[in-house]
Amino acid sequence: MITSPGRPTRALIWLGATVLVGTLALATRTVETHPRISTTLVWNKDIAPILQRKCFTCHTPFNVAFSLASFADARPWAAAIREEALERHMPVWAAAPGYGRFANDPSLTQNELDLIVAWADGGAPSGQTLDEEQTPSVPVAVEAMWDAGQPSSTTALAAYQVAAGAPAAVHRTEVTAPFTAPTRVHGIAFRPGNRSVVRYATVRDARTNRWLFTWTPWSTALHLPESAAFVMPAQARLVVEVGYVGSEAAVTDESQVGFYTGTDGGTGVATADSFAAPAVTVAPGAAHARTRGEWLWPETSALQALWIDPIEGLVSVDVSAYLPDGSVRPLLWLREPSAVWPSPYVYEDPVPLPKGATLRVTAYVASDATTPRTATPAVHLIRIPTTASTF
């Protein structure tokens with residue numbers, strides 16, 4: 001149909017009315033550009049100090065995990081931080097509460113958890129200016145350091161190349177301790193050369209293959225109580241296993257092992273022991289299987305630390321002491337321990353156990369849908385001297 005010039009059709013009149021109504025609607029609607037703020041908790045005063053204590057061991061620039069150091073870094077992850085904290089997945093800590101008190105426990109207190117949840121649920125406000133949001137509001141370590149203080153002596157590992165994006169893998173090497181005579185060693189530490197690629201490191205006695213120490217970002221040194229020490233021979237050989245994972249770029253790692261020595265005048269000797277449950281095989285897709293092993297406590301002494309071999313598929317691990325008087329003392333219960341973040345468990349107060357106690361480990365192992373899995377869960381431990389009067 002041809003219309004005369006200057007006279008609008010009904011279609012044009014309807015279109016114009018629709019545009020006008022839409023324009024008025026937009027003009028009167030409040031457009032929210034950020035979540036509604038419903039909390040007085042703010043990042044810089046309430047949340048950043050918690051993350052500094054519990055998360056910055058991994059989540060800072062040039063570290064092994066993405067940065068949460070500033071509000072600008074953390075705000076996009078607010079919901080994920082809330083969920084991971086509620087699920088107790090982060091910080092990484094597999095030990096169930098009530099089964100021992102550990103000096104290296106990085107898990108959130110209930111108050112810290114409540115603050116994080118309330119902040120995230122309340123809109124995750126910053127409490128800062130836009131410029132301040134771009135920089136950390138609490139101190140952040142930016143260089144590799146000895147977190148437990150400068151050691152008495154150190155041994156360097158050979159430089160190791162980690163390719164960009166490399167999958168998680170373990171590199172094993174041997175080093176010589178820097179001792180020219182038998183030496184009492186009160187502590188062992190590890191310093192990654194490049195924290196962006198190191199997840200954990202273990203130190204073992206090469207002669208006996210006994211475990212001595214495991215480093216993780218939240219557990220950086222083992223210090224034995226006063227008057228107890230490892231006695232290392234001259235030129236002691238040590239096996240160091242480092243768990244690596246690639247970062248965005250290829251890097252060279254030059255890590256070190258540190259030793260804390262001194263003349264305490266003590267004679268107590270720390271002893272490393274280990275025992276394992278029998279090997280168990282789980283068929284693809286099958287329900288998890290259980291295996292159990294026992295070890296007789298050889299003498300009256302105190303349990304200082306435990307470490308469980310990192311094994312894929314571990315569902316749970318329970319370690320308990322069955323005492324000669326018939327009582328049972330739970331020592332450690334791990335729920336879904338991580339094979340790539342295998343933490344040690346160092347007791348706040350060493351656990352005294354009498355000669356004749358039986359340590360029992362009960363482990364449950366699962367397979368995936370397509371591959372069978374054979375596992376031999378092993379328990380590594382460190383004992384220090386005590387006396388019968390402790391009991």
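For this structure, a couple of remarks:
- Look at (1) under 26 Å from the mean Cα position of the chain (by Cα); (2) more than 30 Å from residue 186 (Cβ to Cβ) and you find that residue 372 fails only one, number (1).
- Residues of segment 286-316 satisfying the condition of being out of contact with any Phe, Trp or Tyr (no Cβ under 7 Å at 6 or more places or on another chain), closer than 14 Å to residue 378 by Cα and hydrophobic (A, V, I, L, M, F, W, C): 308, 311, 314
- Looking across segment 99-134, the residues that are farther than 25 Å from residue 62 by Cβ, under 23 Å from the mean Cα position of the chain (by Cα), touching a residue at least 60 places away in the same chain (Cβ under 8 Å) and not in a helix (DSSP H, G or I) come down to 99, 100, 101, 102, 103.
- Flag for residue 369 being aliphatic (A, V, I, L, M) and in contact with a Gly (Cβ under 6 Å, 6 or more places away or on another chain): yes
- Checked across segment 335-344, the condition of being surrounded by 19 or more Cβ atoms within 10 Å (Cβ to Cβ) and in a strand (DSSP E or B) holds for no residue.
- Residue pairs meeting the criteria (Cβ under 6 Å; at least 6 apart or on separate chains; first of a type in the set (A, V, I, L, M, F, W, C), in segment 341-354; second outside any strand (DSSP E or B)): 341/92; 346/103; 346/104; 353/297
- Counting only residues that are under 15 Å from residue 307 (Cα atoms) and buried (at least 16 other Cβ atoms within 10 Å of the Cβ), segment 93-119 holds 8 of them.
- For first residues located in segment 293-313 and closer than 18 Å to residue 373 by Cβ, partners that are modelled with pLDDT of 95 or more and among the basic types (Lys, Arg) and lie 6+ apart or on another chain with Cβ distances below 9 Å form the pairs 293/360.
- Filter result for the condition that a residue is of a type outside the set (A, V, I, L, M), in a helix (DSSP H, G or I) and modelled with pLDDT under 95, over 40, 3, 57, 18: 18
- Candidates 350, 354, 385, 342: the one that is outside the structural domain of residue 169 (by TED's automatic domain parsing) and touching a helix residue (DSSP H, G or I) at 6+ places or on another chain (Cβ under 9 Å) is 354.
- Residues in segment 283-314 that are modelled with pLDDT under 95, within 23 Å of residue 102 (Cα to Cα) and part of a strand (DSSP E or B): 314 only.
The values are calculated or read from the model by the stated rules, or taken from the named source; none is laboratory data. None of the values given here were measured: they were computed from a predicted structure. FYI the Cβ positions are ideal-geometry reconstructions off the backbone, even for glycines, and counts take in every protein chain you see.
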